[in-house]
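Novice: One structure coming up, written as structure tokens, with questions to follow.
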Amino acid sequence: MSSSPSLYVDRDTFLHRLNARSKLALLVGVFVTVYVFGDPLWVFVPLAATFATLLLVGGWANFKRLSFIVAALFLVGFAVWPAFAESGGPVLLETPLGTLTERELLFALGRSERIAAFIVGGLLFVTTTSNEEIVAGMRSLGFPYAFCFAVGTALRLFPTFLGSANTVRQAQAARGHEVGGGNPVETLRSYIPLLIPVFMTAIRNVQTQAMALEARGFDTRGDRTFYDRQPFGPTDWAVAAFGLALVVGSIYLRLQGYGTV
Amino acid sequence: MMKELVTMWRDTRMIMLVAVVAAVYAALLIPFAGLVIIPGITAVRPGNVIPVIFGILFGPAAAWGSGIGNLINDVFAGTFGPGSLFGFIGNFFFGLIGYKLWGNLGALSSGVEPNFRENAGRQLLEYIIVVVVGSALCASIIAWGLEVLGLFPFSVLGTIILLNNVIASVVLGPPLLYLTYPRIKDMGLLYPDLLRDEDLPDASASRAQTAAFGLAVVSVVWAAVGIAVSLGIQDVPFGASQGEQFGAGGSTVQIAIGAISFLAVLGLTVISGERLSKLLD
């Protein structure tokens, strides 16, 4: 486990400089484009564009870290979807278990590309947006301050608890505790000595942290100001407009009959 | 009605509990991968027990915390995307079910605090019902959402999530509650100690019981029917109607079943109550 679990890559690229809200608008545009088309060729265009952008902003290491998951999801989707798709076109493969038609193949490929595009799109967002920007973006989108505060605090506590979980695991291993067993139930039960210390350490913090907050006049109902306020500039408006154009354009093309299997 | 889900945000300790539950949930999902079923896709994760036991202990704070924790896990695991919305909602209800059901299951309830010290057999039965209902609801919401998005058929994800959640929660929940409940109670962090009396749901015992049984039935039936429809039972093929009817998402029948079930769950949640506050010594 790396010391920093964050996928954010600190660079000074065009995407990094954008406001979290405009990045979200762009992401929605890409997601809708990927969603409305079923033809693998049409889905491939936003997938390839998103992947290329991810590489440009320095996200290769992140993609490499997750490539196993992307590949596994792609393959499972590709294997599962033919069984749920309507057959059509020439038979491409005939086995004792069944046949694979051209339509089933294209349908499955389109769906698997969609899965990959969603993951790569999300990865592009978290690669270029820091935790603080995500929380500030949520606040400026109108989420209540208390909710944003909880998300921000959880994001801050998460690496601490992750480290604590790993420390407990190592400490128990040093005492001879082995995780695993002969069957799934034994394997799960072997986690109990690891979970209890993590739980109790975390919960003990609640009282003291709540008191510390209240001692500093913490109040979720008052208006808040932020030190690092990101302006929503002309470039952000242009990017948001591009995201909207993607949504409108892709839906229009889909209604015209393009991009279907 | 359901006002505690909003008013809890006024209490600093409840807000901190949301953050802590979210962080612990996310932190335990990643390093303790548990028993891998399909590499890269799914594993029986010990962390899945958190929404259930924290839901019983911390009520609405655990519901919000479970939703946020799952979202954080998506962000850090690289699976953040449109499906994360359904992951948030599914895990929110996974955490909420224990709070709504414990003590409200009539003859099936143990009638005592969830400490697994007295009436342990009855507590185990009640706990298993809570786990199955919560897991079924969580699995149905996520599987339905991802089918609407056209990512995975309901039967595939619905079955996997249901089994993962049930196995981890049933095996780990009782010993964890046995060991942690008395300590958390002593710390004064149970939700009845934190929420003001006027913020707790004011549902009568009979209404709370009806709502709890309603939630249990809708959740389990939704999961069962969703999986059956997805597998093409009763001549409702999953993929056949996709291109023609909805363009890109799941089958129209599946979408309708999900929409009706979810509305029923929302309605039942609104009229439901809680019971732990009356079981405390």
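Novice: Translational diffusion coefficient of the range A:76-199 at 4 °C, 1.567 mPa s, Stokes-Einstein with Kirkwood Rh over Cα pairs, in µm²/s as a whole number. Before the final figure, lay out the partial values.
Specialist: Details: Rh = 19.6 Å.
D = 66 µm²/s.
Novice: May I have the pair-distance distribution P(r) for the range A:182-249, computed from all Cα-Cα distances with 5 Å bins from 0 and rounded to whole percent?
Specialist: Going from the shortest bin to the longest, the percentages are 3, 11, 9, 9, 8, 8, 8, 9, 12, 14, 8, 1, 0.
Novice: Compute the acute angle (0 to 90°) between the alpha-carbon long axis of helix B:252-271 and the principal axis of greatest extent of the alpha-carbon atoms of chain B; round to the nearest 10°.
Specialist: Compared with the principal axis, the helix lies near 10 degrees.
Novice: Ok, one more. How big is the charge dipole of the protein assembly as shown about its Cα centre, in debye rounded to the nearest 20, if each Lys and Arg gets +1 on its Cβ and each Asp and Glu gets -1 on its Cβ?
Specialist: The calculation lands at about 840 debye.
Novice: Can you compute the charge dipole magnitude of chain B about its Cα centre, using +1 on each Lys and Arg Cβ and -1 on each Asp and Glu Cβ, nothing else charged? Give it in debye, rounded to the nearest 20.
Specialist: Working: 13 positive and 17 negative charges, 59 e Å.
Around 280 debye, computed over chain B.
Novice: In peptide B:67-75, how many Cβ atoms from other protein chains are near each Cβ within 10 Å, on average?
Specialist: On the way: counts 0, 6, 2, 0, 4, 8, 1, 3, 13.
That works out to 4 on average.
Novice: Further question on the same structure: What aspartates and glutamates sit close enough to A:K23 to cross-link, taking a C-alpha to C-alpha distance under 14 Å and skipping anything fewer than 8 places away on the same chain?
Specialist: A:E133, A:D236
Novice: Check cross-link reach from B:K3 to the lysines: straight Cα distance under 28 Å, and skip same-chain residues fewer than eight apart.
Specialist: B:K100, B:K185, B:K278
Novice: Between B:A120 and B:R10, what is the spin-label point distance in nm, taking each point 7 Å from the Cα along the Cα→C-beta axis?
Specialist: 4.2 nm
Novice: Which three semi-axes in whole Å describe the equivalent ellipsoid of the protein assembly as shown, each the square root of 5 times a Cα gyration tensor eigenvalue, listed largest first? Could you put the intermediate results ahead of the total?
Specialist: Working: eigenvalues 275, 166, 106 Å².
The equivalent ellipsoid of the protein assembly as shown has semi-axes of 37, 29, 23 Å.
Novice: Would you compute, from DSSP H runs of 4+ residues alone, the mean residue ellipticity of chain A at 222 nm, taking -39500 (n - 2.57) per run and dividing by the full residue count, rounded to the nearest 500?
Specialist: Theoretical 222 nm ellipticity from helices: -23000 deg cm²/dmol.
Novice: Roughly how crowded by other chains is peptide A:27-38, in terms of the mean Cβ count from those chains within 10 Å of each of its Cβ atoms? Intermediate results must be reported in sequence, preceding the final value.
Specialist: On the way: counts 3, 1, 0, 0, 3, 2, 0, 5, 8, 4, 2, 5.
For peptide A:27-38, the averaged partner shielding equals 3.
Novice: At 1.4 Å probe size, put A:M211, B:M2 in order of accessible surface, largest to smallest. Write out the running numbers ahead of the final one.
Specialist: Numbers: A:M211 120, B:M2 50 Å².
Largest accessible area first, the list is A:M211, B:M2.
Novice: Sorting B:K100, B:K185, A:K64 by accessible area (1.4 Å probe), largest first, what list results?
Specialist: On the way: B:K100 5, B:K185 60, A:K64 125 Å².
Highest to lowest solvent-accessible surface, that is A:K64, B:K185, B:K100.
Novice: Can you work out the base-10 log of I(q)/I(0) for the range A:159-215 at q = 0.25, 0.26, 0.28 1/Å, using the Debye formula on its C-alpha atoms alone?
Specialist: -0.99, -1.02, -1.09
Novice: Quick one: if the Förster radius is 56 Å, what FRET efficiency do A:T208 and A:F78 give, using the C-beta to C-beta distance and rounding to 0.05? Please list the in-between numbers first.
Specialist: Working: r = 51 Å, r/R0 = 0.90.
After rounding, the FRET efficiency stands at 0.65.
Novice: How would you order B:164-171, B:124-131 from highest to lowest mean count of nearby Cβ atoms within 10 Å? Don't skip to the answer; put the middle values down first.
Specialist: Working: B:164-171: 23.0, B:124-131: 20.9.
Averaged packing, sorted descending, gives the order B:164-171, B:124-131.
Novice: Let me confirm one metric for peptide A:143-155, namely the mean number of other chain beta-carbon atoms within 10 Å of its residues' beta-carbons. Present the calculation step by step, with values, prior to reporting the outcome.
Specialist: Working: counts 0, 2, 1, 10, 5, 0, 6, 15, 7, 1, 8, 15, 9.
Mean inter-chain Cβ contacts per residue within 10 Å come to 6.
Novice: Another question, if that's okay. I'd like to check one number: the per residue accessible area of the range A:159-215, probe 1.4 Å, reported in Å² as a whole number. Don't skip to the answer; put the middle values down first.
Specialist: On the way: 2890 Å² over 57 residues.
For the range A:159-215, the solvent-accessible area averages 51 Å² per residue.
Novice: So, one more: Any idea which of B:G95, B:P114, B:G134 is furthest toward the positive side of the dipole for the range B:4-279, if Lys and Arg beta-carbons carry +1 and Asp and Glu beta-carbons -1?
Specialist: Projecting each Cα onto the dipole axis, the largest value belongs to B:P114.
Novice: For a label point 7 angstrom out from the Cα of A:F68 toward its Cβ, which stretches of the range A:163-178 have the backbone nitrogen within less than 17 Å?
Specialist: It comes to no residues whatsoever.
Novice: Ignoring any ligand, DNA or RNA, what whole percent of the accessible area of chain A comes from carbon and sulfur when the probe is 1.4 angstrom? Write out the running numbers ahead of the final one.
Specialist: Working: 8360 of 13330 Å².
So the carbon and sulfur contribution to the accessible surface is 63 percent.
Novice: Principal axes first, then extents: for the Cα atoms of the range A:5-124, list largest minus smallest coordinate on each axis, whole Å, largest first.
Specialist: Projected onto the principal axes, the Cα atoms of the range A:5-124 cover 54, 26, 18 Å.
Novice: In Å², rounded to the nearest 100, what is the total accessible surface buried by chains A and B against each other with a 1.4 Å probe? Please list the in-between numbers first.
Specialist: Numbers: alone 16520 and 11920 Å², together 22020 Å².
What A and B bury together is about 6400 Å².
Novice: Once all Cα-Cα distances of the range B:4-279 are split into 5 Å bins that start at 0, what whole-number percent is in each one?
Specialist: The percentages, shortest bin first, are 1, 6, 13, 18, 19, 17, 12, 8, 4, 2, 1, 0.
Novice: Using +1 at the C-beta of Lys and Arg and -1 at the C-beta of Asp and Glu, which of A:A165, A:T235, A:V30 has the Cα lying farthest in the positive direction of the dipole of chain A?
Specialist: Of the listed residues, the answer is A:A165.
Novice: Then there's this: Stick to Cα atoms and the Kirkwood definition of Rh, then tell me Rg/Rh for chain A. Don't skip to the end; give the middle numbers.
Specialist: On the way: Rg = 23.4 Å, Rh = 22.1 Å.
Rg/Rh: 1.06.
The values are calculated or read from the model by the stated rules, or taken from the named source; none is laboratory data. In this text, all values refer to a predicted model and were calculated from it rather than measured experimentally. Here the Cβ is made from the backbone with ideal geometry for all residues, glycine too, and neighbour counts use every protein chain on show. Side chains are part of the model used for accessible areas, which takes the heavy atoms of the whole protein and leaves out ligands, DNA and RNA. Shrake-Rupley method; radii C 1.70, N 1.55, O 1.52, S 1.80 Å.
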